[in-house]
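S.K.: The structure under discussion is supplied below as structure tokens; questions concerning it will follow.
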Amino acid sequence: MGGLLEGYYDKAIEKTKTLIIVDIERYLQEQDKLPSYEQYLRERGEFIQHIWLNTWINMAGSESSGREKKDYLEEKGIDTEGLTKKMIKQLFRQETRDVKPYNFEGWLDSLYAGKEQEWQAFYANVRAKYLEWKENAEIREKNRKLNSKFAYYIEQILGEHYEDLYVYVRYLIGCHLEIEIEGNGIVLSSDDVSFEEYLYNELDMPYNQFYFVEDRTAAYEDMIAAYLNDFGPNWLKQNLPEHLLEEYQQVTNKPVHLTYLREIAADYSQDIASDFFADLLEERLEDLTKLIDIPFDLGHHRNIYIKDRTTREQREREDREEKRKRKEKEKKMLEDIFGSEYSPPAGRDIQYKLHVGETNTGKTFQAIQRMKEAASGLYLAPLRLLALEIYERLNGDGVPCSLITGEEEKLAEGGNHLSCTVEMFREKDFYEVVVIDEAQMIADKDRGFSWYRAITKANAKEVHIICSFHAKTMIIDLLGDSDVEVKEYERETPLQVETASFKLNDTRKGDALVCFSRRGVLETASQIQKMGRQTSMIYGSMPPETRKKQMHRFINGETSVIVCTDAIGMGLNLPIKRVVFLENDKFDGTKRRTLTSQEVKQIAGRAGRRGLYEVGRVAFASETKMMKGLLEKKDEEIHGFTIAPTSAVLKRFQKYSSSLSLFFYLWENFKNPEGTKKATLADEMLLYDIIKDTMVEARFSMDDLFAFLRLPFSANEPLLRAQWKAKMLSIVGDSELPEPVINKSSLEELELSYKSVGLHLLFLYKIGKTTEAHYWERVREEISDLIHEQLKSGVKLRRNVCETCGKELPHRFKHKICNECFFIR
């Protein structure tokens, strides 16, 4: 054949020749007598043609390129224009099928026709190889069957004699352990240590870490396997049936060698080594190491093992029983202590009025108006600042009102109204009207229980509960069969989201720029001040008095922009025209996450104060479409509220113990009712850890100590924790409370000093030193004034520069090194 496919054609011929020779070998090897060459051709001639056709079509199709296929078809006069690859392949296969085949019979004739001697020699060679292979295959099959028999008997013997083998290995490991411990000077923490505790606890003790074994499990499993490989083959030979050993002799013409038994038993040895190791882990170390002094005798050592195992099993049964009794006792304690404490209360003879709506809808105003009209009233606020705001409003309107926040007490002479933070609620005090603000906070993991307690334990004729829509259903369910009147409030000024992404240069009068860290607030305020705008600031750690002054500057027009954290979202009514989200995520104490729909609504709702603006505007610095979706998303209802220990719970607990360690343990193990979540008590446990087993714990009653643990201050601040401990020690030592640490060197130090004085005030009011408390209230107010003046005079921040090259970093850059240095690193 000539033309485009000639090379593939020649390769197909050579491959076909090879395949034909292979076919002749297969044909001849099973023939007992030599068939003639002509007989082969008669029987296999048609198959030879099939070999050729398949080889040629496959080689031409697989090795030729698409271009070659097209060229070949066009050479045959077939137009390939517009045809798919699949169609071209099918046409090519069809055309190559018709190519004239090579004359293989002629080629075979040249090799064997009329050449009986060559044909006979070829047959003899093929037949001899086949018979040799067949004989070897039979031997291999006999050996395979023999190996299977040996494997079967070895498995049976190992199973039957498992305990005997274990007793011997136990003795060897016991001797090794005694030498290891004594020879290396390993110190044990107790005489009653298990082998498992020795491996994974004792050797990790600081005083034993000089003795290092990289993988202790593997080291001991390998040691056991080595023992089995050493004595195992000889032991197996003594226990295998005689007829099996004779059969081996007949098949192989040689006696069984130990190496053969070691190879056959290898997998079983490894498995049994793992099993032995698992059994040894449960043994007492003392039971193993004592074996070194007892010469090995199988019967004697078996009796020792059985006795040790019986003793151990008895102890385990006793431990399980003791554990069961302890669990039962614990269960009874949990039921008795916590019981139905957190079940929703039955209906109460109180008129509940639920004010439901988003921010800036006037719901708090309506509730306060009713409270002002009552003969006595109580306002429970989520923030000290809000408690202060209502206190001032009522007194300004001629309604004498007292203030209690834990850090301050301002008692109005002749007043029957009280404004306080929700944690200060006392269920024994009766009021005609109680107002509970921001009741959706009932779901807060740390403070939520204060709202639960206020809602369910309020002692009043009328209770006004203010919440957002997503808390409505849960609060109604919580009130059970009580008389509940629901009033819903809608925004009178609609919110309008700006489509363009916000840039700092777009800042206008009446803007509230929101970010989610104190540093972010200070940096942004600094940038705005550089643009020539006067700026107010609000962030979480800012003293309430300072916050109030900053707000008044914005309200009075002294500043045109307010930069704040999400603290603005709760109860603060300001003349904000537009709320701008500079960030879309926040750190929630555990991780950084995107804002929830409710958080976006709570903050954005501050835009467009009623009666001042016709529309409230909202803008985002990035991801406007996603954030607009969160703002417009339907509220997901709250399905659970937070519970925490009550005074009744503590009282019941003290029938069993006065140990706070035990109480915290039981609280962790108490299964809270469905639809509730437990307060973590993280701050309480953090504080308890620093006075545990000290004179503080010994001298305080459990009720008093728990009350001091629950003081509302920033327990995560190491300096404040240290001051808390020092004050606790001074109380038990009957000495004066240490004065708070005051440092005025920077804004950060002033804010920490403010918190320090706040903690001091908590202690003073707690131990009844109100006169001294009034002095420290004035000191705290002075610190607040200094903070306000620093903020008022302008924020001066340290330049934000790359830690590596010193280059100034862009505003609000989140990393400590610049991009260039990062990529070089």
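Read the figures in this text as sums done on the coordinates, not as results from a lab. Model, not experiment: these values are computed from the prediction. Ideal geometry is used to build each Cβ from the backbone, glycine not excepted, and the neighbour counts take in all protein chains shown.
S.K.: How large, in Å, is segment 351-481 by the Kirkwood hydrodynamic radius built from its alpha-carbon pairs?
M.R.: One over the average 1/r among Cα pairs gives 14.5 Å for segment 351-481.
S.K.: Can you give the convex hull volume per residue for the Cα atoms of segment 225-304, as a whole number of Å³?
M.R.: That works out to 115 Å³ per residue.
S.K.: Something else now. Can you give me the Kirkwood hydrodynamic radius for segment 484-568, using every pair of distinct Cα atoms, in Å to one decimal?
M.R.: 14.3 Å is the Kirkwood radius here.
S.K.: Sorted by average packing, counted as other Cβ atoms within 10 angstrom per residue and highest first, what order do 297-309, 241-253, 643-655 take?
M.R.: Top of the packing list down: 643-655, 297-309, 241-253.
S.K.: How long are the three semi-axes of the equivalent ellipsoid for the chain, computed from the Cα gyration tensor as the root of 5 times each eigenvalue, in whole Å, largest first?
M.R.: Working through the eigenvalues yields semi-axes of 83, 50, 27 Å.
S.K.: Could you line up Arg384, Arg606, Arg533 from fewest to most neighbouring Cβ atoms inside 10 Å?
M.R.: Arg533, Arg384, Arg606
S.K.: Could you tell me which trypsin sites (Lys or Arg not before Pro) in segment 387-461 are loop residues by DSSP with no more than 13 other beta carbons within 10 angstrom of their beta carbon? Intermediate results must be reported in sequence, preceding the final value.
M.R.: Details: sites: Arg393, Lys410, Arg426, Lys428, Lys445, Arg447, Arg453, Lys457, Lys461; in loops: Arg426, Lys428, Lys445, Arg447.
Here the trypsin sites (Lys or Arg not before Pro) that fit, given the DSSP loop and packing criteria, are Arg426, Lys428.
S.K.: Return a whole-number percent for the relative contact order of the chain, with Cα pairs under 8 Å and 6 or more residues apart as the contact set.
M.R.: 9
S.K.: Further, regarding this structure: On a 31 Å Cα-Cα criterion, which of the cross-link pairs Lys591/Lys625; Lys548/Lys766; Lys577/Lys807; Lys503/Lys816 come out too long? Mind showing how you got there, number by number?
M.R.: Working: Lys591/Lys625 24 Å; Lys548/Lys766 26 Å; Lys577/Lys807 37 Å; Lys503/Lys816 23 Å.
Long pairs (Cα-Cα over 31 Å): Lys577/Lys807.
S.K.: Which shape class applies to segment 371-439: rounded if a/c is under 1.5, otherwise prolate when a/b exceeds b/c and oblate if not, where a ≥ b ≥ c are the square roots of the Cα gyration tensor eigenvalues? Walk me through the numbers before you get to the answer.
M.R.: Numbers: a/c = 1.35, a/b = 1.14, b/c = 1.18.
Taking the square roots of the gyration eigenvalues as a ≥ b ≥ c, segment 371-439 is rounded.
S.K.: What does a probe at Glu632 reach in segment 591-608, counting residues whose amide N is under 20 Å from the point 7 Å along Cα→Cβ?
M.R.: 595-608, by backbone N distance to the label point.
S.K.: Only counting other Cβ atoms within 10 Å, I'd like Ser419, Ser376 sorted with the fewest neighbours first.
M.R.: Fewest to most other Cβ atoms nearby, the residues stand as Ser376, Ser419.
S.K.: Still on this model: Can you classify segment 495-632 as rounded, prolate or oblate using the Cα gyration tensor, where a ≥ b ≥ c are the square roots of its eigenvalues, rounded means a/c under 1.5, and otherwise it's prolate if a/b beats b/c and oblate if not?
M.R.: rounded
S.K.: Just to be sure I understand the model, the point goes 7 Å from the Cα along the line to the Cβ. What's the resulting Glu118 to Ala707 distance in nm?
M.R.: Label at Glu118, label at Ala707, 11.8 nm between them.
S.K.: Can you give the direction-averaged projected area of the convex hull of the alpha-carbon atoms in segment 731-799, in nm²?
M.R.: 5.4
S.K.: May I ask you to give the average projected area over all directions of the convex hull of the Cα atoms of segment 132-194, in nm² rounded to one decimal?
M.R.: 7.8
S.K.: Which order do Glu30, Glu389 fall in if you start with the one that has the fewest other Cβ atoms within 10 Å?
M.R.: Glu30, Glu389
S.K.: Lysine pairs in segment 141-296 with alpha-carbon atoms under 30 Å apart, 8 or more places apart or on different chains: how many are there?
M.R.: 7
S.K.: So for segment 657-792, taking the charge dipole from beta-carbon charges (+1 Lys/Arg, -1 Asp/Glu), which of Ala715, Met685, Ser661 sits furthest toward the positive end?
M.R.: Looking along the dipole axis, the top candidate is Ser661.
S.K.: Nearest 500 deg cm²/dmol is fine: what mean residue ellipticity at 222 nm does the chain get from its DSSP H runs of n ≥ 4 alone, each adding -39,500 (n - 2.57), divided by its residue count?
M.R.: -17500 deg cm²/dmol
S.K.: Which shape class applies to segment 346-400: rounded if a/c is under 1.5, otherwise prolate when a/b exceeds b/c and oblate if not, where a ≥ b ≥ c are the square roots of the Cα gyration tensor eigenvalues?
M.R.: Judged from the Cα gyration tensor, segment 346-400 comes out oblate (a/c at least 1.5, b/c at or above a/b).
S.K.: Quick one: Debye curve from the C-alpha atoms of segment 141-296, no solvent, what's log10 I(q)/I(0) at q = 0.08, 0.18 Å⁻¹?
M.R.: Scattering profile of segment 141-296, log10 relative to I(0): -0.31, -1.03.
S.K.: What percent does the relative contact order of segment 495-632 come to when contacts are Cα pairs within less than 8 Å and at least six residues apart?
M.R.: Relative contact order of segment 495-632: 33 percent.
S.K.: Also, I was wondering about something else. Find which of Tyr171, Pro206, Ser194 sits farthest along the positive direction of the dipole of segment 124-221, computed with +1 on the beta-carbon of Lys and Arg, -1 on that of Asp and Glu, about the Cα centre.
M.R.: Tyr171
S.K.: Can you give the alpha-carbon Rg of segment 6-114 over 2.2 N^0.38 Å, where N counts its residues?
M.R.: Rg over 2.2 N^0.38 Å, computed on Cα atoms: 1.34.
S.K.: Mind ordering 283-294, 153-164 by average Cβ neighbours within 10 Å, highest first? Before the final figure, lay out each step's value.
M.R.: Values: 283-294: 17.6, 153-164: 15.0.
Order by mean packing, descending: 283-294, 153-164.
S.K.: Apply the Debye scattering formula to segment 661-784, with a single equal point scatterer on each alpha-carbon and no solvent, then give log10 I(q)/I(0) at q = 0.15, 0.16, 0.18, 0.23 Å⁻¹.
M.R.: Calculated log10 I(q)/I(0) at the listed q: -0.75, -0.83, -0.99, -1.38.
S.K.: How high is the relative contact order of segment 351-481, in percent, with contacts defined as C-alpha pairs under 8 Å that are six or more residues apart?
M.R.: The normalised contact order for segment 351-481 reaches 31 percent.
S.K.: Which part of segment 477-513 falls in the paramagnetic zone of Ser622, meaning amide N under 17 Å from the point 7 Å along Cα-to-beta-carbon?
M.R.: 500-505
S.K.: Longer than 31 Å from Cα to Cα, which of Lys677/Lys755; Lys628/Lys755; Lys428/Lys633; Lys655/Lys677; Lys472/Lys549 are they? Say none if no pair is.
M.R.: Lys628/Lys755; Lys428/Lys633; Lys472/Lys549
S.K.: Can you pull out the GluC sites (Glu not before Pro) in segment 716-788 that DSSP calls coil and that have at most 11 other Cβ atoms within 10 Å? Before the final figure, lay out each step's value.
M.R.: On the way: sites: Glu736, Glu748, Glu749, Glu751, Glu772, Glu777, Glu781, Glu782; in loops: Glu736.
Those satisfying the criteria are Glu736.
S.K.: What ranking, highest mean first, results for peptides 222-231, 332-341 when packing means the other Cβ atoms within 10 Å averaged over each residue?
M.R.: Top to bottom by mean Cβ count within 10 Å: 222-231, 332-341.
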